[in-house]
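Data block below; observations after.
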Amino acid sequence: MNTKRIVITGGPSTGKTAVIEALEQKGHSCLEEVIRAMTLAKKAEESEIVFESNPIVSVTDPMAFNQMILNARVSQYKSTSDSSDEFVFFDRGIPDVLAYMDCFNQEYDESFEEACLTNRYDLIFLMPPWKDIHIVDNERFESFEESLRINACLEHSYSSFGYDVQIVPKDSILNRVDFILESVKNLK
């Protein structure tokens, strides 16, 4: 079976995780965001660091941290190679790494771009910034203004790799899930 790989991306506090959880509850295969556990580990490891913005600008070695994220996302992608699922949903994709690095003015070498060109997804959904649900917590440090910038960088990153990015309307979780599942039907 040729499993379709589908990315659901968006800046912080866009409802992405709630939609992924709803897809899982409906029985769909979903791979979680890799940076959450890494951020918690870095916070424990580098306890003197204050996370005031995205972790990639707060850790002592941003390039090493970004490389860890990239490697984890590539690993996630490859883990679906032998999947028997018709669809697999990813909570963020490989181009997210470059989008965040671009957004926070960090340089990267061609290996980051090569990872995006080699590991291709079938459909990209972008959850737009939504001020009414925006919060800052232990894993989301960005202001709403940063969320807007991140959104623009995400859309640019995926578009620059030739993806047709579909914007998920701001709506209830179930309506957003229905929008995504309806769009996925066209991949069959």
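The values are calculated or read from the model by the stated rules, or taken from the named source; none is laboratory data. Note that the structure is a prediction, hence the values are computed from the model and not measured. Reconstructed Cβ throughout: ideal geometry from the backbone, glycine too, with neighbour counts over all protein chains shown. Note: accessible area is taken over every heavy atom of the protein model, side chains too, but ligands, DNA and RNA are not part of it. Shrake-Rupley method; radii C 1.70, N 1.55, O 1.52, S 1.80 Å.
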For this session: Go through the range 6-25 and give me each residue that's surrounded by fewer than 20 Cβ atoms within 10 Å (Cβ to Cβ) and within 13 Å of Asp85 (Cα to Cα).
Result: Glu24
For this session: Among the residues of the range 63-87, write down those that are exposed (fewer than 13 other Cβ atoms within 10 Å of the Cβ) and either hydroxyl-bearing (Ser, Thr, Tyr) or not in a helix (DSSP H, G or I) (or both).
Result: Ser75, Ser79, Ser81, Asp82, Ser84
For this session: Counting only residues that are over 27 Å from Lys26 (Cα atoms), give me the helices (runs of 4 or more DSSP H) lying completely in the range 105-188 with at least 2 of them.
Result: 110-118, 144-160
For this session: Would you point out which residue out of Ile133, Ile180 is out of contact with any strand residue (DSSP E or B) (no Cβ under 7 Å at 6 or more places or on another chain) and β-branched (Val, Ile, Thr)?
Result: Ile133
Seminar exercise, completed: Pairs returned, first residue in the range 149-168 that is without any contact (Cβ under 8 Å) to a residue 24 or more places away in the chain, second residue that is open to solvent by less than 30 Å² (accessible area, probe 1.4 Å) and assigned to a helix (DSSP H, G or I), beta-carbon separation under 6 angstrom, 6 or more apart or interchain, are none
Exercise. So which residues in the range 88-116 are among the aromatic types (Phe, Trp, Tyr) and open to solvent by 10 Å² or more (accessible area, probe 1.4 Å), if there are any at all?
Worked result: Tyr100, Phe104, Tyr108
For this session: Sort out which residues of the range 1-23 are part of a helix (DSSP H, G or I) and either touching a residue at least 60 places away in the same chain (Cβ under 8 Å) or under 20 Å from Tyr100 (Cβ atoms) (or both), and write them in order of number.
Result: Lys16, Thr17, Ala18, Val19, Ile20, Ala22, Leu23
